[in-house]
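Q: Handing you this structure, nothing more for now.
The values are calculated or read from the model by the stated rules, or taken from the named source; none is laboratory data. Only a predicted model underlies this, so the values are computations on that prediction, with no experimental measurement involved. Positions of Cβ are backbone-derived with ideal geometry, glycine not excepted, and every protein chain shown enters the neighbour counts. Only protein heavy atoms, including side chains, enter the accessible area calculation; ligands, DNA and RNA are left aside. Shrake-Rupley method; radii C 1.70, N 1.55, O 1.52, S 1.80 Å.
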Amino acid sequence: MAGGGIVEGGGTRAHLYEGRTTSFVVIACIVAASGGLIFGYDIGISGGVTSMDDFLVKFFPVVERHKNQSTKDQDYCKYDNQKLTAFTSSLYLAGLVASFGASGVTRRFGRRPSILFGGFSFLIGAALNAAAVNLPMLILGRIMLGVGIGFGNQLIVQAVPLYLSEMAPAKLRGGLNIMFQFAINIGILAANLINYGTAKIKPWGWRLSLGLAAVPAALMFVGGLFLPETSNSLIERGHLEKGRALLVKVRGTTNVDAEFEDMVDASKKANEVKHPFRNILKKRNRPQLVMATFIPFFQQLTGINAIMFYAPVLFKTIGFGGDASLYSAVITGAVNALAIFVSIFAVDRLGRRILFLQAGVQMFISQMVIGIILGEKFGGSKQMSKDFGVFVVIVICIYVAGFAWSWGPLGWLVPSEIFPLETRSAGQSITVSVNLFFTFVIAQSFLAMLCHFKYGIFLFFAGWVVVMSIFVYLFLPETKSVPIEEMINVWRKHWFWKQIIPAIDLYNGDEKLDWHFQSKDYAENQTVQLSGSGFNKEHM
């Protein structure tokens, strides 16, 4: 055990941290979060394009014929075609495959190179989609977009949340991190607006919609050239002086010794762990692993991506005309973009849990109302009146608003802030992989589910909202204003997780052992040195 020591969670000097929210932090976070524009644009653009007749005639003529010949009892099945859904979902499957090995790339090369490579891949994908002459070329373009999301740290959904969580001070971490989700929502709104305009350009408007994905990709790539690395990443890779100099610049003060020393300590522990994925499976990391798996899983089962991916198709399915369906998608996109300001201003004041729970009630009621209205007023021989159609759009907007200030931003924020440095990249990689997998599943299956479940699809997602709200209430502790280096203490105080994770972590060489230790010193939250005896060892 030579060289071993007991460290109580790390970050014990947090009360000594100094600094302020500098313009450097704000600008860097905005530039980094602009990567969300790409992700959001892609989410919004596919639904509008797949509702355009010119696009369907070019690549999916079977769907076009079926749509026009559909009978009243097939209203929910107009767009049920696996090749059509593959156009949307292939990006997320490619992102999932590319995400494997992401944490190793992050730890070796840092956050910034991932942003650059991803932006370049997005540029290629946008060019292929805009110039597509057949279905294979179209799908290949989507795959390249997926590579942009998933390769080597996953440009959008892994590197950026990690970058924001590490760059932001603890008391403002939530609001600044949510800038990433805000950028996604702006991307969705921009895509809906562009689809509304390009639908009128015959017969190549869809090419313009797909090709314009190159604009946010170019912004991200150029912005990435000027982004600094985070201090955490520089220190983790051995560049201590550069890391300290950047920390001084970021915090706006030279009194960064306490925070810098905590980062160095955390980095040493992280570098001692040679197998982060193996380490993350151990008992001490059980709560973080559960959250990294279930939060992205539940995020997809809110049903939001089914609506965001296929909003125009969905509105057409339930009786809206072509322009009306795109216009309704623009409205929901605008609500999605605006509602996130509630989260930006509330997340660091009210906390994460209350937003999850309040929105759970709101989303459940909204989906139940939508399902009941569609069941009573639409389908078969029933035609929904204009008034009920407007009401459905309003209720969908209420549902979207609830998601926009809860599971949307918090689904990325919470997993990015709960892991210790030694497993942070691996943990975020798991979060992203789970998210991409279930995004693919929902994207690929939604139109078939809509065909078979009909209005019951909304009741299906409402049931899952109940499940995930109960999960949050029972198992997710509040992480508001907690320094990342001290997050372990949150789990040790939780009524359930404190029974599972060890009280103290012991580092020894490249192996981190778990020990339970009961003493007055520990109860008083003191750092205890290994004395060689008196410990109740429980190796995990």
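Q: In 5 Å bins starting at 0, how do the alpha-carbon pair distances of segment 402-493 split up by percent?
A: With 5 Å bins starting at 0, P(r) equals 3, 11, 15, 21, 19, 13, 8, 5, 4, 1.
Q: Enter the accessible area of residue 473 (Å², nearest 10), with the probe set to 1.4 Å and all protein chains included.
A: About 140 Å², rounded to the nearest 10.
Q: Now a separate question. Under the rule a/c < 1.5 gives rounded, and otherwise a/b versus b/c splits prolate from oblate, where does segment 227-309 land using the Cα gyration tensor?
A: Oblate.
Q: Please compute the net charge surrounding residue 351, taking Lys and Arg as +1 and Asp and Glu as -1 over other residues with Cβ under 11 Å from its Cβ.
A: +2
Q: When a/c is below 1.5 the answer is rounded, else prolate if a/b is larger than b/c, else oblate, so apply that to segment 321-408 with a ≥ b ≥ c taken from the square roots of the Cα gyration tensor eigenvalues.
A: Note, shape of segment 321-408 comes out oblate.
Q: I'd like the Karplus ³J(HN,Hα) series for segment 232-244: coefficients 6.51, -1.76, 1.60, θ = phi - 60°, whole numbers in Hz, and an x wherever there's a Gly or Pro.
A: My calculation for segment 232-244 gives 4, 5, 5, 5, 4, 9, x, 8, 5, 5, 5, x, 5 Hz in order.
Q: What pairs from 268/480; 242/283; 78/377; 202/377; 242/493 go past 28 Å between their alpha carbons?
A: Going by Cα-Cα distance, 242/283; 202/377; 242/493 fall outside the 28 Å limit.
Q: At 7 Å along Cα-to-Cβ for each site, give me the label-to-label distance between residue 204 and residue 383 in nm.
A: For residue 204 paired with residue 383, the spin-label model returns 3.8 nm.
Q: If you count, for each residue, the other Cβ atoms within 10 Å and average over each peptide, how do 60-66, 289-295 line up from highest to lowest?
A: On the way: 60-66: 15.0, 289-295: 20.7.
Result, highest mean first: 289-295, 60-66.
Q: Okay, moving on. Lys and Arg at +1, Asp and Glu at -1: add these up for the other residues within a Cβ distance under 14 Å of residue 450 and post the number.
A: Here the charged neighbours net out to +2.
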